[in-house]
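J.: Provided herewith is a single structure, encoded as structure tokens, for subsequent inquiry.
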Amino acid sequence: DAKTTQPTSMDCAEGRAANLPCNHSTISGNEYVYWYRQIHSQGPQYIIHGLKNNETNEMASLIITEDRKSSTLILPHATLRDTAVYYCIVRPGGDDKIIFGKGTRLHILP
Amino acid sequence: GAGVSQTPSNKVTEKGKYVELRCDPISGHTALYWYRQSLGQGPEFLIYFQGTGAADDSGLPNDRFFAVRPEGSVSTLKIQRTERGDSAVYLCASSLGGGPSEQFFGPGTRLTVL
């Protein structure tokens, strides 16, 4: 079973920041938080991952709480192309399967 | 550069037939994963290869499903005596291996069993 809890769906206005929450209260010390997204009819796409510290790349920012029991993915300026299902995943570092939950369906509204 | 490719993109077969689905990972990626995705669900893990060997096949649903990666590159997922419940999108992913590395997914093969 997935070790994360996410809202089923969210809306965000185009051009605004999209903040996607994720709860992972049972995360272990050696587990990373990963985010992937899946645009309709495509395979999942890696976005970002982190262990303890906040992370930022060209796609998004990841904010992890100090107790690591929850995190937020931030898309700073959402566009219509960001409409997708976003998956929050916890997994050990290194090669291992990904256990996907149902994710959050993010709708970007024009 | 080239990403993960999967062939065919669509496969329609009849119940009871045998099918093979192919995955070409990114060159140099040692780890390869198979997942399947039913409508409205997240991808479900099937099997993971590290090089030529299956490191984890705990997700294969039964012995009708088998996968190989004989030279540590291309992989084939084989399904015998297909059933209507096998209809899904079959996704392949690859990664560099070692450490917290991202998985790169292919576009998937949509299998329909009539």
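J.: Which of the residues belonging to region A:78-96 are modelled with pLDDT of 95 or more and in contact with an Asp or Glu (Cβ under 7 Å, 6 or more places away or on another chain)?
T.: Hits for region A:78-96 are A:A78, A:T79, A:L80.
J.: How many residues does region B:8-25 hold that are open to solvent by less than 70 Å² (accessible area, probe 1.4 Å) and either closer than 16 Å to B:S87 by Cβ or more than 14 Å from chain A (Cβ to nearest Cβ) (or both)?
T.: Residues meeting the conditions: 5.
J.: Can you tell me how many residues in region A:60-110 are under 13 Å from A:A18 (Cα atoms), within 12 Å of chain B (Cβ to nearest Cβ) and open to solvent by 60 Å² or more (accessible area, probe 1.4 Å)?
T.: Qualifying residue count for the region: 1.
J.: In region A:49-60, is there at least one residue being assigned to a strand (DSSP E or B) and in contact (Cβ under 8 Å) with a residue 24 or more places away in the chain?
T.: no
J.: Something else: Filter region A:1-41 down to the residues that are at pLDDT 95 or above, under 24 Å from B:A88 (Cα atoms) and open to solvent by 40 Å² or more (accessible area, probe 1.4 Å) and list them by number.
T.: Answer for region A:1-41, where residues must be at pLDDT 95 or above, under 24 Å from B:A88 (Cα atoms) and open to solvent by 40 Å² or more (accessible area, probe 1.4 Å): A:T8, A:S9, A:I39.
J.: Out of all the residues in region B:75-114, which are exposed (fewer than 15 other Cβ atoms within 10 Å of the Cβ) and within 17 Å of B:T30 (Cβ to Cβ)?
T.: Of everything in region B:75-114, those that are exposed (fewer than 15 other Cβ atoms within 10 Å of the Cβ) and within 17 Å of B:T30 (Cβ to Cβ) turn out to be B:G98, B:G99.
J.: So how many residues does region B:6-47 have that are farther than 26 Å from B:L114 by Cβ and hydrophobic (A, V, I, L, M, F, W, C)?
T.: So the answer is 4.
J.: Quick one: count up the residues across region B:26-65 that are closer than 17 Å to B:T76 by Cβ, part of a loop (DSSP other than H, G, I, E, B) and either of a type in the set (D, E) or at the interface with another protein chain (Cβ under 8 Å from one of its Cβ atoms) (or both).
T.: Counting residues in region B:26-65 that are closer than 17 Å to B:T76 by Cβ, part of a loop (DSSP other than H, G, I, E, B) and either of a type in the set (D, E) or at the interface with another protein chain (Cβ under 8 Å from one of its Cβ atoms) (or both) gives 3.
The values are calculated or read from the model by the stated rules, or taken from the named source; none is laboratory data. The model shown is predicted, which means the values in this text are computed figures rather than measured ones. Glycine also receives a Cβ, built like all others from the backbone with ideal geometry; neighbour counts cover every protein chain displayed. Quick note on the areas: whole protein, heavy atoms, side chains included, nothing else; ligands and nucleic acids left out. Shrake-Rupley method; radii C 1.70, N 1.55, O 1.52, S 1.80 Å.
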